[in-house]
Amino acid sequence: MAEHTPGENPHFRQLGGENAVRSLVDLFYARMDQNPAYADIRKLHPADLSGSASKLFWFLTEWTGGPKHFSERIGPPALRRRHLSFPIGIREKNQWLACMQQAMNDAGVETALQAELLHALAKTADFLRNQNEAET
């Protein structure tokens, strides 16, 4: 693993930069759009996924330690506020994470890096939940 400056998030570089993040986002939305297992999260998105894909690309680029595309274009992520209008429960959280894991697998993201990213994304996804059903 390459050395990095303390406080720096090395994931952007480990993923392979902007082209790799774009590919991951494209795979994510292709899987969501094509796989009925992700129907609950697909219905939360507009018919045209291009705007959603751009926002996720900007966010993931910044979140993983790359250029601050999201903040520069939209402002602070404020993810909970931005997702309050969408009913996000356990099912939606789990579908989103499963779809992202499949996209990471398809993109060839190293297993250890996948585990780190999915662990952090799971915390974020849980924070975005706004439906009060119990986890089973």
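Each value in this text was obtained by applying a stated rule to the coordinates, not by laboratory testing. Worth saying up front: this structure is predicted, and the values here are computed from it rather than measured.
Spatially close Lys pairs in the chain, defined by Cα atoms under 20 Å apart and a spacing of eight or more places or different chains, total 6. Report, to the nearest 10°, how far helix 90-107 tilts away from the longest principal axis of the Cα atoms in the chain, using its own Cα long axis and a range of 0 to 90°. Between the helix axis and the principal axis of the chain, the angle is about 40 degrees. Binning all Cα-Cα separations of the stretch 52-105 at 10 Å, short to long from zero, yields these whole-percent fractions: 21, 48, 31, 1.
Using only alpha carbons, the chain has a radius of gyration to Kirkwood radius ratio (Rg to Rh) of 0.95. Mean projected area of the convex hull spanned by the Cα atoms of the stretch 6-57, taken over all viewing directions: 4.5 nm².
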